[in-house]
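Remarks on the structure that follows.
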Amino acid sequence: MTTTVKWYTDASLGAPVLNGVAGALITLLDACLVTGFGSQSVTGLVVASGVATATLGSAPNAAAGGIAVIAGATPSGLNGEQRVTAVVGNTFRFATGLSDQTATGTITTKMAGAGWDKTFTSTNLAVYRSPNVLGTRQYLRVDDTGTTSASIQAFESMSDVNTGVSKWMDNFWFKSAAANSTAVPWAIFADDRTFYLRMAAGNQDAIYPFGDFTPVRTNDPFAAVGPNGYAVAVLSSGSNDPSRVTVNAYPYASTNTPSLLLARSANFLAKSVTAYKRPEILGDHFAGLGDVSMSSGNTGLYGSYPMPYPNTSDNALVFTKFNIFETSNRNLRGALRGAFCSPQVLYGSFSQAVAVLDGQGAFSGRKIGVVTCNGGTTSNGPSQFGLANTLHYPTGRLIVDLTGPWA
């Protein structure tokens, strides 16, 4: 078991392909959450001055900051998960406490999976669960028999791939704009208790969370969260704040729609409780009941205009965590793990799928990811939700702690 944060994108060498074909989402989740992917042979592994350098026959699948798994090496202390510190040509490096030497054996490497279990499976059906006994260990059922979307459910208990008890989530996650084999951009950020999945399925480009959140009450056995609707974290733009994160239940819904589902209420009685995701910093601009992140309409965090990036005083990226409030009573239930929002305008500064920055202050020594999410400006809503010709704000950024551990 591991609690190390891992992250993956479709740009990773050897990464699985997401598309509008049945089973594609399960293939992606298997590779990233469970098995890892991109196995390669290591032609040389040398330790010098506390740094191990692995040489391959081609460019490594691993990226700097990512987690690679080494197997088959002697000494055995080089095996297992290793955080990559640098990639140079056909080599990658990681720190080690072993003495200077050249490893022997039939050595392989691959990108490490996030440590989740696949508890049940059938054709284009799968159930995933965290193995970490410190968490809630809720069951995630993925029905990927469709093409453009997958049916997603969450249960407190399951006995097989089709049988569950206490269902608390039932919605759709969009994986492609068309039922074909055209590759769709994606990214996953995960530890062994929580993950965030971004799928750029045309106008349904969204980020979907699942797993544990950090509860206010330390002995909360139902501190589990999922999306309320088929797209929970559409990253969107307002007129003056193109970096804001609108976290609607649906990309087309009012910001007053709660974006999250919790397994149970704070008193553990009610199931499938809706919740808002709000910035930690509260004040006049967050006094409304809506699920608004860093702005509402044309109003930013500190008035009519948002903060610039970088912050002039310290050249920094400024961000704050998302708190979770139960819809019925505005009870502060906890906060999302590892995911943050920013009051700064980030649109003009970051265009890549994941921009990796060095953490500062409390995040010194960690890597911070700025995740891009782009959608279309308008779209017809899916028929199962009765939505049509409704506005979808297109562009935004989400901040993710790429190193962890997630608190």
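Table for the structure above
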quantity	calculated
Every residue from segment 9-41 that is in contact with a Gly (Cβ under 8 Å, 6 or more places away or on another chain) and over 13 Å from Trp116 (Cβ atoms)	Ser12, Leu13, Gly14, Ala15, Ala22, Phe37, Gly38, Ser39, Gln40, Ser41
Subset of segment 163-178 (residues that are open to solvent by 20 Å² or more (accessible area, probe 1.4 Å) and either within 14 Å of Arg137 (Cα to Cα) or modelled with pLDDT of 95 or more (or both))	Thr163, Gly164, Val165, Ser166, Lys167
Per-region count, segment 149-162, residues open to solvent by 40 Å² or more (accessible area, probe 1.4 Å), over 23 Å from Phe268 (Cβ atoms) and either among the β-branched types (Val, Ile, Thr) or assigned to a strand (DSSP E or B) (or both)	1
Residue that is surrounded by the fewest Cβ atoms within 10 Å (Cβ to Cβ) [pool: residues in segment 123-148 that are free of Cβ contacts under 8 Å to residues at least 60 places away in the same chain and over 24 Å from Val184 (Cα atoms)]	Val133
All positions within segment 197-220 that are within 20 Å of Gly404 (Cα to Cα) and open to solvent by 10 Å² or more (accessible area, probe 1.4 Å)	Arg198, Thr214, Pro215, Val216, Thr218
Residues of segment 68-86 satisfying the condition of being out of contact with any helix residue (DSSP H, G or I) (no Cβ under 7 Å at 6 or more places or on another chain), open to solvent by less than 60 Å² (accessible area, probe 1.4 Å) and not in a loop (DSSP other than H, G, I, E, B)	Ala68, Val69, Ala71, Gly77, Leu78, Gly80, Gln82, Val84, Ala86
Qualifying residue in segment 328-346 (condition: of a type in the set (Val, Ile, Thr) and within 20 Å of the chain's Cα centre (by Cα))	no
Scan of segment 7-26 for residues that are under 15 Å from the mean Cα position of the chain (by Cα) and either open to solvent by 10 Å² or more (accessible area, probe 1.4 Å) or modelled with pLDDT under 95 (or both), ordered by number	Trp7, Tyr8, Thr9, Asp10
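For (1) part of a strand (DSSP E or B); (2) open to solvent by 20 Å² or more (accessible area, probe 1.4 Å); (3) at pLDDT 90 or above, each residue gets a yes or a no:
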position	(1), (2), (3)
Ser293	no, no, no
Tyr309	no, yes, no
Val318	no, yes, no
Lys321	yes, yes, no
Asn329	no, yes, no
Ala335	yes, no, yes
Ser349	no, yes, no
Gln352	no, yes, no
Leu357	yes, yes, yes
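The values are calculated or read from the model by the stated rules, or taken from the named source; none is laboratory data. Predicted model only: the values in this text are computed from it and were never measured. Don't worry about glycine lacking a Cβ; one is built from the backbone with ideal geometry, like all the others, and counts go over all protein chains shown. All accessible areas refer to the heavy atoms of the entire protein, side chains included, with ligands and DNA or RNA removed. Shrake-Rupley method; radii C 1.70, N 1.55, O 1.52, S 1.80 Å.
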